[in-house]
Structure formats: structure tokens, C-alpha cells
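Single-structure report; data block below.
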Amino acid sequence: PAAPPLQEKDCRSITPPYAKLLATLQDVRKVLPPGTKLTLAEKILYSHVRNADDLAGAKGLSDIRGQRYLKLAPDRVAMQDASAQMALLQFMSCGLPSCAVPASIHCDHLIQAQSGASADLARSIVTNQEIFDFLESAAKKYGIEFWKPGSGIIHQTVLEQYAAPGLLMLGTDSHTPNAGGLGMLAIGVGGADAVDALSGTPWELKAPQVLGVKLTGELNGWTSPKDLILHLAGRLTVKGGTGRIIEYFGPGVERQSCTGLATIANMGAEVGATTSTFPYSANMRAYLEATGRAPVARAADAAATAGFLKADEGAEYDQVIEINLSDLEPHLNGPFTPDLATPLSKFAEFVTANGWKDELSSALIGSCTNSSYEDMSRVASIAAQAQAQGLKSKVPFLVTPGSELIRATIERDGIQEKLEAVGATVLANACGPCIGQWDRKDKQGEENAILTSFNRNFKSRNDGNAKTLNLLASPELVTAKAFAGTLSFNPMTDSIDTPNGPFKFSPPHGTTLPERGFTPGDLSFSPSPSPVPVPEQEIVISPTSQRLEILEPFSSPFPADGSRMELPVMKCLMRVRGKCTTDHISAAGPWLKYKGHLSNISENTLITAVNDQGGAVNVAFDEQGQETIPNVMKRYKAAGQPWMLVVDENYGEGSAREHAALQPRFYGCNMIVARSFARIHETNLKKQGVLPVWFADKADYANISAMDTVETEGLDALLAGDVNAQVTLRVTKPDGQVLHIPTKHTMSVDQLNWLRAGSALNHIAQSAA
Ligand code: F3S
């Protein structure tokens, strides 16, 4: 039978409380200097502050941005199955009966791609049954909407179901900003931050700076929204968005589809931005209506008329970058880092200059970044041209639909058929190869190049093979190159030989929204909206489980009688060299299955990190000699010896993965000293009771070595409430030489409470008691 069209839904629980938000914003305006012009990002943040008086006394926005901590009340929380485990284990330890805000769980990360949607889904449900049972039981107990395996990828589902202009949402995944495509602030956090929102505790954020990106002109031909963010990533680098919200404005915004904006917002995570957002537009309204949320659109229209949902005229940005979309070229970014941007016209040269084989080994499209109806219809227009020439993809061609809504709609509209006709395999509605859940049989251990429409390309991420070069591009470009089978092929200029002679693609075309509307597909995937908590529901965790383990609270590093307010005397475990992302600190792939079992997953701690002393990977040493990094950590833990790490620039970049903070803490880490930290990871460390400090002089990085004894001086003054106090490290070398190394910190008064209690969770539990 034909699938039913999508019905308008009951939008009461998903419509932002605009009247309340506008009233709070008004209160904030009263305490700011008269006439202060706000960006959209600030309007959304300030409309969610707990107490407008916290902003009183600011002489202007420069007195707030990058200076003050905002205490915020997020509207909603979204969690994916891998990170939800730890978020819920932490929420359980607070002992609360239900969630303070609406929340949802999305089972998407644990589905492994092997042969195709139904077989992969059925197999992955069996292998992960205990995790899904745990998540479903916790969802039932606490009244959380549960999106079961196969329903879709968290960010696509959030965009289709929950995102709304002006909303503030936290998500336990670094690509949560995807929802910014609907003109909201969606911020990727660790599970402990999610617990703040779920428990009704104010969520703290250092007021970000605001980077304005003015879009003029119009995308055309082969260029897509993906190319805009690939280009911008090249300009900003992986650190360029740190501590900033990217706010787009200008006539170019109006012309983008809502899902195109979501692609741009999604990859704002790759430049380290707190999140990205856009002013409310007619295309956002159309998307809300097409996804059954006309009541939300009407409420947003009224809020926009009242002056919300766009920046004040004359709002000031910390920096403005202008991009003329008409001049933009398609880009390919990578390998190994998302900010290595090469324009399509220079890519053949780039391949030659690197000495790579001009051979593509796999083409992958979809994922949370690029699986909208518009993306799929543009890709289908390329596939149809190829099919008319009798061409088939020369390499494995994998398609990941973002949700059941997308899958069912592209199936109904013949798009899936067009893709399969040229050799595509449609995978389950889940992350699959994007998160390393790819049971790839070919090219293991060999250098090879894949093209993906995904967002991230760290070494080994997709197939576990460190020699796989992963290049990011738009789905249209990935698809066209799949027919040529070479990296250097440029569909704008080159032809493919066919029996009928050389064939050149015409530029892709598609529609932003399905003409016949969306169809929801299999309705059994959708949870019942606004479930009521069931307090008597038991949470399902087997005591013998190897994948789930009840969390034991970390102990405070300070004696209960307050006799010592410095960290205990620590040993330096190692000096980590160079790029160290959350993938290096807590690898994904096969380790994903231990996300809910802290003892087991900790075995992967820093196993791909480089030791600056010797340059080897996964090697550390203590008095007993050389060992793997986790084994030395375990030796220190067994001996009750607290320890610290020295790390390089932008430590912890890449994701909200809180295991990267939990695991070192579990093994006894008390402090990490960095040349610089990535924002989310730094906060995650603070939440778990690890003190992150920055070298005041980056050259001091080389002055602390493994087995040095390290003590803090001045932390007592900081803990006593003097946030300007400086912490100095007293470093004693094995030969008795003593160094004093000054540091900087970003700890707020509240964050010092976490350190004092041993973790933020301990602090919440103590406050609730
Ligand atoms: Fe999944 Fe997107 Fe992350 S597909 S793995 S949510 S980047």
C-alpha cells in the first residue's frame, strides 16, 4: 500500500515558549547599557538566562563576550545511543525521578554497515540488544522519547521533529549544531552537561564571541552549501571557531534551503565553533510546514514580528567574513583533517603533488551532514545521467539516509531506484561508516582513497585503516567521481568514455522539498510524543555485563577537613605531542561497544597518542619501565599515585566525547596542562573533576617530562574564591632540580565547586541532598 502522507502533528511540546523568552530578553536589555544592539546568537542566549541580573553592570558586549559565564536554561536535550549510555548512567546517580526538560534518545551509532539496510539493522539489534534495552528502560522511567534503531540519525531526526527557531538545545554529540539550520542554538556537550539540563541545574557557558559571516550572491551549478562550509573550514582552520558562535546573515542566507543551512551548521563543529545559526527565513517556515509543524511556524512568525529571531540592525560582530556565493567553487577537504581545503579545479594537481595513486576506492554519501531530500534529489540527477549512458559506479557506492522520513520519501519518489540502478547500496538509517561502523572487507592495511559527503576525516575514523585517505566533498561531487573511479576527475571539465563517445555531466539539479510532501514511512519507528515517566520502571543492567557498568562516584582530591586545598602531589605521566583529538584520547570504532562500561573502555585511553619523549605511539614509562599508555595509567592507579598530563595545542578537539575526560580521571588523572584546549573537552575535564590549566608561556611545554613530580601552588587561593589567582606548577625533576611554571585557567566559581566536590555530578548530588 502507498505510504500515507505526513500529518500535521501536535506541536505543543515542541513550540518554543516565545512569550517567556521575549520577556527574559526584555529583562536582560534593561540591565544592559541603553541602545545595545544584539546579534541573533545573543538574543537566543540571553532569552535563556536564568537570571537577567547576572548580566548587570556590563559596560557593553565586550564586557560579556569571552568574559562572563552565562547560566542558562536549555529547552531540550537530545542524546545518541553511544553517548546516552554515560549521560543516563550519570543522570541515574543524581537520584532524580524524571527529567526537568523534554529529551530524546536516538539509536544511530551502534548500527554496523555490512551488506545493506535490513540485514545490517537486524544483526546490529541482536549484537547491541542489552544497550538498546537499557536505553529504552531508562527512557521509559524518566519520560524520554526513544527513537529506536533504524529510525534515523540523531541530527536529521532532531531537525525534522524538534528543532525550532530561537530554541536552545543541548545534544550529546558534537554535530548537534546541525539544528542551527532552523535558526536556533544547538550545542554539542558531554553527558555531564546534559545532566545539568536534565536535572534542572543551570548550564554554564562562557559567553561566546560572535563571528559574523555575510553571504552574498547565489550558489550555482556544481556548488552546494557543503562547499561553503568546506571553504570556510579552510579559511578558519580547526581552531578558528573556538569560543565563538558563527552567525550567518545577508541575502545569501535567504536563498538557501533549511537543510542546506543545516549542512553548514553541522560542519561548524569542524572549526571548533560553539555552534552556528541563521536568521529565521521563508525556507525555514516552508521546512517546518513540510515536516508537519505549521503551528511552530506560525508561532515563529509572531516571534519574528516581535523582533526575535534575527539580529538587531547594526549588531556588532567580533569579526565579519564576507563570502560571495556566486564565486564559490566546489571543494574537497582532507585527508586527515577537515580544514585542508582544495578547490576542485586544483585537486588533480594536489593528487599528483602528493604522489597518490589516482584511484578512488569507495564513494559514500548521506550521513547527518548531507542526506536531505535536496541532497538526494541532486545526487539522483547525476545518477540518472550516468544510467542513461549505461554507466555504473566503478567503486562501492554506499548511501546512508538520515532518517526513515527521508528513506521512505526517496523510495516513494523513485530516487532510491535511480541510485540502486547505478550500483548503490542503501544502508540503514544510521551513522554507519561515518562513525567507523563499517565492516569494510577490502583495502585493509593498504593506502587507498575514499570520498565521502560526511563531516569528519580523522585518521582511521571510517574503516579503522590509518592508511585510508578520507576526502570530504558534496554528495553530488562524490557521486560524479564514483563513475569516473579516479580522484582527479573534474565533472565540470572532464568527460568519461562510453561506447557512445565521451560523456560530460550536466550540473546537478534537485528540489529542496518533495513536491508530494514527505511520507513518514514505517510509523513503528516513531515514539509516542511527550511520554509520562514511569517511576516504577526498572533500569535494565546485568551485573555481569561487559558493556554496562553502574558508575562509582569519583572521590574529591581534597581532604574532607579542608586541611589541604592544593591538588595531591602528582607524577607527570607523559607529554603528548601534536594533534590529540578526542578520537586519539578515546578511540571509536570497535571501542564504541564499551561506552557504558568505564572500566572496559578505559583500556583504549590515548592509545593513538604520540609521546613527545621518543616520538612513539602508545608508549609511556614510569620507574618500572616502558609500557602501553593505559598500562602505565593502571600502574599509577594501583599504587594510589595521582598523575597529570602535559599536552599540546587544541587538546581534545573534534568531539563532545566525554569518555575522553572520564577515562583519564578514572585512572587517577588530576590535572592536564595544555598549550591550549578545545572548548567542549576542557569543560568535560572540569565536569569530571580534572583541573585543566594552560601554560602562560607555551614554551614551558617542553619543561615538564615523564616522572617529574608536579605540585600546584595558588590553587588554594583560587578555591577560596579569588578567580584571578594564578596557579603555579612546582616541578621537581628526578635529579632534584626545581622549576616554577606559571599557568592560566578558565575556571569559574561554579566550576571550582565541581573540582572541590570531585566532579560536577557529586556537586549536583550534594546540592540535591
Ligand atoms: Fe553520526 Fe553524523 Fe556523527 S552520521 S557519527 S552523528 S557525524
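Values in this text are rule-based calculations from the coordinates and carry no lab data. Source: prediction; values computed, not measured. Positions of Cβ are backbone-derived with ideal geometry, glycine not excepted, and every protein chain shown enters the neighbour counts.
Couple of notes before you dig in:
- Neighbour counting of Cβ atoms within 10 Å sorts the residues VAL534, VAL296, fewest neighbours leading, into VAL534, VAL296.
- Spin-label model distance (nm) - LYS30 vs LYS744, 7 Å beyond Cα toward Cβ: 3.7 nm
- Equivalent ellipsoid, the stretch 377-535 (semi-axes from 5 times Cα gyration tensor eigenvalues, Å): 30, 23, 12
- Dipole size of the stretch 329-523 about its Cα centre, with +1 on Lys/Arg Cβ and -1 on Asp/Glu Cβ: approximately 240 debye, rounded to the nearest 20.
- Ranked packing of 376-383, 626-633, most packed first, by mean Cβ within 10 Å: 376-383, 626-633
- Folded to 0 to 90 degrees: helix 344-354 orientation relative to the chain principal axis, Cα: 60 degrees
- Computed on the Cα trace of the stretch 53-157, the radius of gyration divided by the Kirkwood hydrodynamic radius gives Rg/Rh = 1.16.
- Where a label projected 7 Å from the Cα of THR498 along Cα→Cβ would reach, residues of the stretch 384-400 with amide N under 18 Å: 384-395
- Hits among lysines - C-alpha to C-alpha of LYS9 under 25 Å, sequence gap 8 or more where chains match: LYS20, LYS140, LYS141, LYS148
- Furthest towards positive pole of dipole, PHE518, LEU205, THR342, structure part the chain, Cβ charges: LEU205
- For the chain, alpha-carbon Rg relative to the globular expectation (2.2 N^0.38 Å, N residues): 0.92
- When the chain is described by a simple charge dipole with +1 on each Lys and Arg Cβ and -1 on each Asp and Glu Cβ, the residue from LEU228, PRO396, ASN354 located farthest towards its positive end is LEU228.
- Sequence-distant residues sharing a close amide H with ALA449 (under 5 Å, placed H): SER361, LEU469
- Beta bridges by DSSP in the stretch 570-768, antiparallel share as percent, to the nearest 5: 60 percent
- Annotation for GLU218 and GLU538: the two label points, set 7 Å from Cα along the Cα-Cβ direction, are 6.4 nm apart.
- Legend: calculated FRET efficiency, LYS392 to LYS239, from the Cβ-Cβ distance at R0 = 51 Å, rounded to 0.05, equals 0.75.
- Spin-label model distance (nm) - ASP561 vs ALA421, 7 Å beyond Cα toward Cβ: 8.2 nm
- Extension reserve of the GLN766-ALA725 stretch, reckoned as 0.36 nm per residue once the Cα distance is removed: 12.2 nm
- For the stretch 279-319, the alpha-carbon radius of gyration amounts to 1.36 times the rule-of-thumb value 2.2 N^0.38 Å expected for a compact globular protein.
- Folded to 0 to 90 degrees: helix 373-388 orientation relative to the chain principal axis, Cα: 40 degrees
- Antiparallel beta bridges, as assigned by DSSP with both residues in the chain, represent about 35 percent of the total such bridges.
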